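> My questions all concern the structure below.
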């Protein structure tokens, strides 16, 4: 439902109920027949208004015709965008799926790329990573401002890759997230900016053998926290924060300050959700340890503290690398994965990690 229409409908229903209650309680014998008539009239107006709002919401959100909706959909509401994505997934069973993708690319102001141009590069050598919904490959493209990669959907019919494109468009312009530049058809996927080849998970495994400086580890985690703070300022949750979904790009030309100047990027936005909602795309029977169990069981809705749980798990894994500030970081990690009402905010975690950066 479109947010403004939903709120207006609730107000109209509230007025309608109040009018009916007053009409039923007023006594005609004491001259209240005029008031009763007025309340019945207000109730009738509310019914007509409610019907009009339903029709308006349907006309603004219906995905029945892509051809006639291009000129009026420059600013897409989440509801309309969701309808378009579902319609595109449904059209895949016909021969028109490529055309639908092209129109979605037009609606989202993205370039449509012929899959035959990128197909030969989808090799094992170019494979950067693999998740539940897709595989990511490095692309060699001439005349581009930044390195790019492509995320190829494992099951395009599910619509997960379209949902991730929509989610990335919602957070576009925010520092620390990739930017979608094009949509690909056959293979179905999307092309986005590339931010290094190693994830935080890769670096954690390397750091187990070659111990880094504490302030370097704290610097990476602090930058990740800053990204999460900005993300939650938009009223959305990532819902899948883990080491595999954090890219860490190090400038090797910088010897002393390479970690201070490293770039941290949050990826995989397929499960992004608004505050107060349950995350989409949860298909696991056995939940992973970085997920808030109550959120995955749908006992809680998305909020800052549900993502804080995942951050707490990351902090717990880095405790052996933060010896000087082990106690403060351990306490922060325990609170983050503890009772719902006692969990810290990302801003509080940032302060703890900022202090940890003062280590030698």
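Only the coordinates and a few stated rules stand behind these numbers; no lab work does. All figures in this text were calculated on a predicted structure; none of them were measured in a lab. Cβ sites come from the backbone with ideal geometry, for glycine too, and all protein chains shown count toward neighbours.
> Quick one: if the Förster radius is 56 Å, what FRET efficiency do residue 99 and residue 278 give, using the C-beta to C-beta distance and rounding to 0.05? Could you put the intermediate results ahead of the total?
Numbers: r = 33 Å, r/R0 = 0.59.
About 0.95, to the nearest 0.05.
> Working out 0.36 nm times the residue gap between residue 328 and residue 41, then minus their Cα-Cα distance, what length gain in nm do you get to one decimal?
96.8 nm
> How do 133, 54 line up, fewest other C-beta atoms within 10 Å first? Write down the numbers at each step before the final one.
Values: 133 21, 54 13.
Taking fewest neighbouring Cβ atoms as first place, the list is 54, 133.
> Sort 252, 326, 297 by Cβ crowding within 10 Å, fewest neighbours at the top. Show your work: numbers first, answer last.
Values: 252 6, 326 15, 297 12.
Ordered by Cβ neighbours within 10 Å, fewest first: 252, 297, 326.
> If packing is taken as the average number of other Cβ atoms within 10 Å across a peptide's residues, how do 192-202, 235-245 rank, most packed first?
The most tightly packed comes first, giving 235-245, 192-202.
> Gap in Å between the Cα centre of the range 119-181 and the Cα centre of the range 319-360?
Cα centroid to Cα centroid, the span is 32 Å.
> Let me make sure I get this right: for the range 299-360, a, b and c are the square roots of the gyration tensor eigenvalues over alpha carbons, sorted descending. Under 1.5 in a/c it's rounded, otherwise prolate if a/b > b/c, else oblate. Which is it?
Verdict is prolate for the range 299-360.
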